Amino acid sequence: MAGGVSHNKILFGLGLGAVAGIVANTLTQNSPAAKETLDTAIDSVAHPVGQIFLRLLFVVVMPLVFASIVVGVASLGDLGRLGKMGAKTLLFFVITSGASAVLGIAAMALVRPGSGFGQETVAELQRKYAGDVASYASKADANRTTDLLGTVNQILDMFLPRNMLKAAVEMQMIPVILFALLVGAALTRVEQRKREDLSTWMEALADAMVEIVGFAMKLAPYAVFCLIFGVTARFGLGLLQKLGLYVVLILGCYLIQICVLYPVLLVTMARRNPWRFLRDAMPMMVTAFSTSSSSATLPTSLRIARESLGIRPQVAGFVLPLGATMNMNGTALFEGAVVLFVAQVFGIDLSLGEQFTVVGMCILTAIGAAGVPGGALPLLMGVMAQVGVPPDGIAIILGVDRLLDMGRTVVNVLGDQICAAYIEAGERRSDSAAA
Ligand code: ASP
């Protein structure tokens, strides 16, 4: 159960919303007046209901992340243990992201869906999505500096900005995580009574935030219906036919990840029953699918970890916020696949060395991508440029990207939760060895 709402009810809302949207899209395709009425219904009803759900989740992210990490680190007590946990977590992130990127590249290299892709369709799509491409390109440019000092300052700002409140207001997760780690670490040196006082406060704050997630989950079946309806009702179904093989291949890779690779990790590294784990993680997966945002899903992930998966708060509070920003396996897979697909469309052959560069860049950009819908796209354009694939070629896939974004966000958040279960297993082993 997710806050008193059954998974089935949420899944039902998801399925019904998708079907209703597709039907509405088909029925209004040839009538501009009907299309306008549909747009009005989406903007005035579906959008606000979906947004109330999303905002209830977003609003708790920063206080929940801050409080969970402070409590977690302060209760670990031993900073050496935190360092070991951090190193294991980061290694897990890098290896699983790298393997995911390889899977995406291999699938595209084997099937080659981009070879022989109609050049008129390419020109049409580039014309249609030129505006979107320009806005992603300007986001990518905003992050680019050429001189050394600029780059150093940019890295410093990314981890340790001058103003922590500003970072929190802008939802920059990495500095807030690092600041919370600092506060937690500092607390371990503070007098015990004061440390316990603040920890109790922080614990109460985290608990209250989790309760708010519970309120949001009560709305989930209706909100999920509205969010998915808004996507499928406006989706270019015709485009889906043209890009069918590309879409099916990427969704197939996500399925391999969820149904084969993740269960193997769950059994071998986290010592969990994969079936039960996936079932318990269902509300988190549905939230990720319908919001396309790892950040919006984070509160639900934290709640599921402590209430259904038996992962202790100090582990979940440390691993999951880090994972929501830094570990995006689905995104790494998608980026690798897109670079190869667009290269095939333009008849560009990437050497093995260049493909390795793509894997490395996918790992890095998956770390840097924001956990919001389409968060990976500006960075993906940078990866394409790096290996000589025209970044504007991203226009070819933009029309179907929302669908793939929903899928990759599920893979992203599930990867984080599996990492938390793996770290939890290690912590339990150390506890029983110490006992
Ligand atoms: N939507 C993804 C996430 O939030 C990021 C992306 O791949 O665009 O995890």
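No lab work stands behind these numbers, since they all come straight from the coordinates. Since the structure is predicted, the reported quantities are computational estimates derived from the model, not experimental observations. Counting neighbours? That spans all protein chains shown, and the Cβs are built from the backbone with ideal geometry, glycine included.
Please go through (1) within 30 Å of A41 (Cβ to Cβ); (2) hydrophobic (A, V, I, L, M, F, W, C); (3) exposed (fewer than 13 other Cβ atoms within 10 Å of the Cβ) for L149 and return the number of the only condition it doesn't satisfy.
(1)
Could you pull out the residue among L255, L240 that is within 30 Å of A46 (Cα to Cα), surrounded by fewer than 17 Cβ atoms within 10 Å (Cβ to Cβ) and under 22 Å from the mean Cα position of the chain (by Cα)?
Result: L255 is the single residue among L255, L240 that is within 30 Å of A46 (Cα to Cα), surrounded by fewer than 17 Cβ atoms within 10 Å (Cβ to Cβ) and under 22 Å from the mean Cα position of the chain (by Cα).
Can you confirm whether segment 275-289 contains a residue that is in contact (Cβ under 8 Å) with a residue 24 or more places away in the chain, of a type in the set (G, A, S) and farther than 30 Å from G388 by Cα?
yes
Report those helices (runs of 4 or more DSSP H) wholly inside segment 264-380 carrying at least 1 residues which are near the ligand (Cβ under 10 Å from one of its atoms), over 11 Å from the mean Cα position of the chain (by Cα) and not aliphatic (A, V, I, L, M).
In segment 264-380, the matching helices (runs of 4 or more DSSP H) lie at 329-345, 352-368.
Going through segment 34-47 one residue at a time, which ones are exposed (fewer than 12 other Cβ atoms within 10 Å of the Cβ) and either acidic (D, E) or farther than 20 Å from I22 by Cβ (or both)?
Within segment 34-47, E36, D43, S44 meet the criteria.
Do the conditions hold for A67, that is, is it loosely packed, with under 13 Cβ neighbours inside 10 Å and within 22 Å of the chain's Cα centre (by Cα)?
Spelling it out, it is not the case that A67 is loosely packed, with under 13 Cβ neighbours inside 10 Å and within 22 Å of the chain's Cα centre (by Cα).
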